[in-house]
Structures are given as C-alpha cells and as structure tokens.
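The values are calculated or read from the model by the stated rules, or taken from the named source; none is laboratory data. Keep in mind the model is a prediction, meaning the values are calculated, not measured. Here the Cβ is made from the backbone with ideal geometry for all residues, glycine too, and neighbour counts use every protein chain on show. Surface accessibility is based on the protein's heavy atoms, side chains included, excluding ligands, DNA and RNA. Shrake-Rupley method; radii C 1.70, N 1.55, O 1.52, S 1.80 Å.
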Amino acid sequence: MVADDRGLLAMDESNPTCNKRFAKLAIPQTVDARRAWRELILTTAGLGESISGAILYDETIRQQKKDGTPFVKIIADAGIIPGIKVDTGAKELAGHPGEKITEGLDGLRDRLAEYFEMGARFAKWRAVITPGEGLPSGGCIAANAQALARYAALCQEAGLVPVVEPEVLMDGRHSLDRCREITEEVLRTVFTELYAQGVMLEGLILKPNMVLPGLTCPTQEGADEVADATLKCLLRVVPAAVPGIAFLSGGQSSELASARLNAMNVRFKSRLPWALAFSFARAIQQPAMEIWRGQEANVPAAQQALYHRAKCNRAARSGEYNAAMEKQ
C-alpha cells in the first residue's frame, strides 16, 4: 500500500458529502451522477501508476460501470487495492460540547466479513479532533483513540489492513505549535490504545493530519516549517514498526498538499523508519470535478486533471515535485 512511491486515493465521502460538493458545481445530486463520477475516477488510464489503493464508500463498492463491470474488478485490474470506509460518521460526544465521537463499532465484525467477501482488503476509520479554547479534552481524545484501536483489532481479525485516521482539524486560529502539541497528544494516546487492544503495528497504516496552523491563524508557515513541525512530532510518537504514514489532505489546496509532502520527503526521507505517503481526497479529485461538472463531454479533460494530480503526489513522495509540474 505504500510501495513504489504510490499512495491512496480517498474516494469514500458519504452520499450527503458528495451531494454537497455536487451542488456547489450544479451537478445533479443523484445516484446515477455519483456512479458516473466514480466511474470517471476509476477508469482513468494509468491511475495505478500513482495510486496503490482506493478507499470506497458502501454505495461505491456495490456499484458497476455502465457496461455492468463491478467497480471492485476495475480497481483490481488496474493494480489498485480496494478499500472501504467502515465508520458511520462523527456524532456529538455526550458531556463534551463542541467535540465529536466517531460511531460504527456495533455490528462491525459482520460488516467487515461482508466487505472482505466483496473484495476489500483494507478499511478506514476517521476520528475527528477539534482544536479550540480548552479543546480538545482528554475525554474526547481517549474515547476516539479507544474506538480506533477496537476498529483496528476487528479489521486485523477479518484479514483487512486498518487505516487509522485521527484527524486534528485545520479549522480555527490555533498556531502551528499548538497543532503539534495536540497531534502529539492524540497520536500518543492512539498508540497506547492500539497496544492495549493487541493490534499488530506492522499490519496497519497511519493516516494523520499534517501539522498545520489553523486556517484563520494570522501566521501561515511555509512548506519547510510545516515539514519540520510534522516530522518532529511523528518521530516522537509513531513506532518504527508502522510501515507507512499516509497523510490526509484535510481541506488543503492541491498544490499546497503536494508541496508540503514533497518538503517532508526532501528533508527527512533518508532518516525515517516508515514510508511517507498520501491518502488524499479533494486534493486529488477537486480539479477534476470542477472540469467535469456532470458533463459527459468533459470526461477526458477531467481524467487528465485527475491523472496529473496523482502523478504530482507520486513525485512528492520521492521529493521530486516542484511548481513547474503544475504547468505541464
């Protein structure tokens, strides 16, 4: 999943989230439009050169091309590993105003068995950590860390590789240093719980946020400062047994996400015990969606944009990305 400088494509947004993105571009919010969008992504020629795994949503893993070919078969034929999002979303955490807990553990063992039979070979669970005044609380961090660990143990029992995603959100005015402090505390707690649940670290992928200043923070550090803060944090808390770290994009622009991943690999790759990869969603898909806009005639140009973004992120994994690539 992290070999050959490839990374993961997160195309697991829920139907309501996908519909919101469609609405902004005047794309019909229908089952067929979502199916057509996903077919556009999965039939992009050469996608497997840069993408090792695709994280799907429940609706997506059950869908087919217009000609009846299952999406899972298309993915596998392209040399891409099918994956599946298995959490059921973040809900308000009782007793903790402004904080959330990710749900979906009930019935998860049976759902994992079904997804394995359908062809999935890895899964994903996202926990949401919100920075703020007095936040996050220890209770929120602990509850989400335990849920991530229980999910990961169930995945490994079912023969699926768990992608463990504790996301410290970008929203807010918090500084780069504050994000680093929160991320370190979250990851330290997550790995404590993973140990407690007997999860094999060699058989998981960590999907963390990059250490970034909040979107409304007056000071926005450059890619090198972000790289230094992120790796300083990860080297303190992520065990060497973990084979790969695949960053989420978390609302970053496509170019910034690539530039920051590139800076990390340029500055640290030779010193790291784990591979630094990507597991981007909007940072790969958004330019293509803006070109497509639900129009069949726009499919070739949209696929070219998707292929380009995937290629840029593969270059970033080897420290070979640069701004000139965006003009190609």
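Just wondering, is there one or more residues in the range 53-65 that are at pLDDT 95 or above, out of contact with any Asp or Glu (no Cβ under 9 Å at 6 or more places or on another chain), closer than 20 Å to residue 205 by Cα and not aromatic (Phe, Trp, Tyr)?
yes
If residue 293 meets every condition in (1) touching a helix residue (DSSP H, G or I) at 6+ places or on another chain (Cβ under 7 Å); (2) surrounded by fewer than 18 Cβ atoms within 10 Å (Cβ to Cβ) apart from one, which number is that one?
It is condition (1) that residue 293 fails.
Filter the range 154-170 for residues that are touching a Pro at 6+ places or on another chain (Cβ under 8 Å) and over 19 Å from residue 82 (Cα atoms); which is surrounded by the most Cβ atoms within 10 Å (Cβ to Cβ)?
168
Just give me the residues in the range 45-85 being under 16 Å from residue 296 (Cβ atoms) and open to solvent by less than 10 Å² (accessible area, probe 1.4 Å), in sequence order.
We begin by selecting, within the range 45-85, every residue under 16 Å from residue 296 (Cβ atoms); these are 65-67.
None; the set is empty.
Give me the pairs, please: first residue somewhere in the range 31-56 and closer than 14 Å to residue 78 by Cβ, second residue anywhere and open to solvent by less than 20 Å² (accessible area, probe 1.4 Å) and among the acidic types (Asp, Glu), beta-carbon distance under 8 Å, and either six or more positions apart or on two chains.
56/12
Is it the case that the range 225-234 has a residue that's modelled with pLDDT of 95 or more, aliphatic (A, V, I, L, M) and either closer than 21 Å to residue 142 by Cβ or in contact with a Pro (Cβ under 7 Å, 6 or more places away or on another chain) (or both)? Give the derivation first.
To start, the set of residues in the range 225-234 that are modelled with pLDDT of 95 or more comprises 225-234.
Adding the requirement that they be aliphatic (A, V, I, L, M) leaves 226-227, 229, 231, 234.
Restricting the remaining residues to those that are either closer than 21 Å to residue 142 by Cβ or in contact with a Pro (Cβ under 7 Å, 6 or more places away or on another chain) (or both) gives 234.
Yes, some residue in the range 225-234 is modelled with pLDDT of 95 or more, aliphatic (A, V, I, L, M) and either closer than 21 Å to residue 142 by Cβ or in contact with a Pro (Cβ under 7 Å, 6 or more places away or on another chain) (or both).
Going through the range 297-309 one residue at a time, which ones are more than 18 Å from residue 258 (Cα to Cα) and touching a residue at least 24 places away in the same chain (Cβ under 8 Å)?
The first filter runs over the range 297-309 and keeps only residues more than 18 Å from residue 258 (Cα to Cα), leaving 297-303.
Of everything in the range 297-309, those that are more than 18 Å from residue 258 (Cα to Cα) and touching a residue at least 24 places away in the same chain (Cβ under 8 Å) turn out to be 299, 302, 303.
Would you mind stating whether residue 34 is more than 22 Å from residue 121 (Cα to Cα), out of contact with any Lys or Arg (no Cβ under 6 Å at 6 or more places or on another chain), modelled with pLDDT of 95 or more and open to solvent by less than 30 Å² (accessible area, probe 1.4 Å)? Break it down into steps so the answer makes sense when it comes.
Details: more than 22 Å from residue 121 (Cα to Cα): yes; out of contact with any Lys or Arg (no Cβ under 6 Å at 6 or more places or on another chain): yes; modelled with pLDDT of 95 or more: yes; open to solvent by less than 30 Å² (accessible area, probe 1.4 Å): yes.
For residue 34, the condition - more than 22 Å from residue 121 (Cα to Cα), out of contact with any Lys or Arg (no Cβ under 6 Å at 6 or more places or on another chain), modelled with pLDDT of 95 or more and open to solvent by less than 30 Å² (accessible area, probe 1.4 Å) - is met.
Identify the residue in the range 230-266 that is in contact with an Asp or Glu (Cβ under 7 Å, 6 or more places away or on another chain) and open to solvent by 30 Å² or more (accessible area, probe 1.4 Å) and, among all such residues, is nearest to residue 307 (Cα to Cα). Working first, answer last.
Residues of the range 230-266 that are in contact with an Asp or Glu (Cβ under 7 Å, 6 or more places away or on another chain), as a first pass: 233, 236-237, 241, 243, 248, 250, 255, 263.
Filter again for open to solvent by 30 Å² or more (accessible area, probe 1.4 Å), leaving 236, 241, 243, 255.
On the way: 236: 35, 241: 32, 243: 26, 255: 14 Å.
Step by step, filter the range 230-266, then rank; the result is 255.
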